[in-house]
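Here's the structure, in structure tokens; my notes come after.
The values are calculated or read from the model by the stated rules, or taken from the named source; none is laboratory data. Quick caveat: nothing in here was measured; it's all calculated off a predicted structure. We place every Cβ from the backbone using ideal geometry, glycine too, and count neighbours over all the protein chains shown. Protein only, heavy atoms only, side chains kept; ligands, DNA and RNA dropped before computing areas. Shrake-Rupley method; radii C 1.70, N 1.55, O 1.52, S 1.80 Å.
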Amino acid sequence: MKLQFSAADEAFRLEVRAFVKDKLPADIRRKVELGLRLEHADYVTWFRILEARGWLTPGWPVEHGGPGWSHVQRYIFDEETLLGGAPRIIASGIQMLGPVLHAFGTEEQKRQYLPDIRQSNTWWAQGFSEPGAGSDLATVRTTAVLEPDGKHFVVNGHKVWTSYAHWCSMMFALVRTDPHASKPQEGISFLLIDMASPGLTVRPIRMLEGGTDLNECYLDNVRVPVDNLVGELHKGWSYGKYLLGHERTGIAGIGSCKQQLARARQLAQQQGLGDDPVLQARLAQFDVELMALEFTALRLLSDHQQSRTPGVEASMLKVRGTELRQAIFEALVDIAGPDAVPFSLEAQSLEHLDEAVTDPTLVALAANCLDARKLTIYGGTNEVQRNLIARATLDAF
């Protein structure tokens, strides 16, 4: 592994940095820098700016709108956009469904769905987790029964923790199509579901910091065309694992760690703690852990360039990256001290920022810290990821 980026990669870094500085709308940058609430329109605005440049779908093949970047360029792009104050790409259709359709979808499915994902015309919900089936997706109980004429599935079940479902018009879901399979994983299929279908109800879940980004979805005799089956019947477990392997690599959030660590140093100066030795030691420890995390990510990039499939390293990145981000958010609240206590849901929007009873740069710190508690849960809880890491390590002996 080379621990130095090439001249071409550094030139690309400067290109991305200049693009973000020039094209990112000032109001969106301000929201991200202060940790304020982003609306659907904010994401769509930025995503369409990226798409116009051909940069929205870096993980997609060139023939379907991808830029043809190397894994290193994708890494640099993610880092520089976050450091430049841009929203992270959260749309499940871009990062999760797109790669699955490219690998396993029919040509008709690609033609029908991929262009609208690129244009941000269609947002997709991830219908994986259920009550009692979160990190252990092999136990999903939502059923899809094929009608006698073989033209539709009838879906019944309950999905939960569905991010941004209220913004989405479609859902990709894991459903049980063979309840009698010898192994639970062998009876699951991957299905595409129209969110406007009769019988599908979305209800918001109020989160700890007051937001409603999460939802639960009830499916009551929802009819889904058989053409919306991705890949083979009963093979959805393999497609779900393929999707989650890519998701966990991105969850590490190295760019976000750097962004928030810089914010912590700035806040320390603002609060008169720039020379506090205990705080500086704490921030230096974050630097060390972040460097180790980044080197692990670079090793994984090196493996990708040698065409190796991501393995347990993705789980390692997920565990260390999410826990480091949580620790940095906790440090931000500690640095702000009592100034982080006043809480106003309304003041977390740019339009009402002047109504905050504390410094506008501090108004969202507590909410950001509370929201960060979910990082170690979604994408497969860190406890489960540690089991995967242990199994892979012990099996090697």
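If I ask for residues that are open to solvent by 90 Å² or more (accessible area, probe 1.4 Å) and touching a residue at least 12 places away in the same chain (Cβ under 8 Å), which ones from the range 205-220 would you list? Correct list: Leu208, Asp220.
Grab the strands (runs of 3 or more DSSP E) fully contained in the range 187-232, keeping just those with 1 or more residues being closer than 14 Å to Tyr164 by Cα and hydrophobic (A, V, I, L, M, F, W, C). Steps first, answer last, please.
Numbers: elements: 188-194, 200-205, 214-225.
Strands (runs of 3 or more DSSP E) meeting the threshold: 200-205, 214-225.
Within the range 135-173, the residues that satisfy the criterion of being in a strand (DSSP E or B) and either farther than 13 Å from Arg223 by Cα or β-branched (Val, Ile, Thr) (or both) are Thr143, Val145, Val154, Val155, His158, Lys159, Met170, Met171, Phe172, Ala173.
Matching residues to (1) open to solvent by 40 Å² or more (accessible area, probe 1.4 Å); (2) modelled with pLDDT of 90 or more; (3) over 24 Å from Ile377 (Cα atoms):
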residue	(1), (2), (3)
Arg223	yes, yes, yes
Gly236	no, yes, no
Gly240	no, no, no
Glu247	no, no, no
Leu279	no, yes, yes
Arg282	yes, yes, yes
Glu289	yes, yes, no
Phe295	yes, no, no
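Check whether at least one residue in the range 182-199 is in contact (Cβ under 8 Å) with a residue 40 or more places away in the chain, in contact with a helix residue (DSSP H, G or I) (Cβ under 6 Å, 6 or more places away or on another chain) and acidic (Asp, Glu), and report yes or no. Within the range 182-199, not a single residue is in contact (Cβ under 8 Å) with a residue 40 or more places away in the chain, in contact with a helix residue (DSSP H, G or I) (Cβ under 6 Å, 6 or more places away or on another chain) and acidic (Asp, Glu). Of the helices (runs of 4 or more DSSP H) lying entirely inside the range 69-124, the ones with 3 or more residues being out of contact with any Leu (no Cβ under 9 Å at 6 or more places or on another chain), at pLDDT below 95 and under 19 Å from Phe5 (Cα atoms) are found at 71-83. Hey, could you check the range 318-350 for residues that are modelled with pLDDT of 90 or more, open to solvent by 10 Å² or more (accessible area, probe 1.4 Å) and of a type in the set (Gly, Ala, Ser) and say which is farthest from Ala372 (Cα to Cα)? Ranking the candidates gives Gly337 first.
Could we say that Glu33 is in contact (Cβ under 8 Å) with a residue 12 or more places away in the chain, closer than 17 Å to Asn121 by Cβ and out of contact with any strand residue (DSSP E or B) (no Cβ under 9 Å at 6 or more places or on another chain) here? Taking the combined requirement at face value, the residue does not satisfy it. If you go through the range 384-394 and keep only what is free of Cβ contacts under 8 Å to residues at least 24 places away in the same chain and closer than 25 Å to Gln95 by Cβ, you end up with just Asn387. Whether a residue is within 30 Å of Gly210 (Cα to Cα), open to solvent by 70 Å² or more (accessible area, probe 1.4 Å), without any contact (Cβ under 8 Å) to a residue 40 or more places away in the chain and not aromatic (Phe, Trp, Tyr) was assessed, and Ala26 passes this test. Looking across the range 249-275 at every residue that is open to solvent by less than 50 Å² (accessible area, probe 1.4 Å) and hydrophobic (A, V, I, L, M, F, W, C), the one that is modelled with the lowest pLDDT is identified as Ile251.
Considering Gly66, Gly157, Gly132, the condition of being open to solvent by less than 20 Å² (accessible area, probe 1.4 Å) and of a type in the set (Gly, Ala, Ser) is satisfied by Gly66 alone.
In the range 89-103, is there at least one residue being more than 30 Å from Pro225 (Cα to Cα), hydrophobic (A, V, I, L, M, F, W, C) and touching a helix residue (DSSP H, G or I) at 6+ places or on another chain (Cβ under 9 Å)? Checked against the condition, which is being more than 30 Å from Pro225 (Cα to Cα), hydrophobic (A, V, I, L, M, F, W, C) and touching a helix residue (DSSP H, G or I) at 6+ places or on another chain (Cβ under 9 Å), the range 89-103 yields no hits at all. Among what's in the range 85-108 and is surrounded by fewer than 21 Cβ atoms within 10 Å (Cβ to Cβ) and either of a type in the set (Ser, Thr, Tyr) or more than 29 Å from Lys235 (Cα to Cα) (or both), pick the residue that is nearest to the chain's Cα centre (by Cα). My answer is Arg88.
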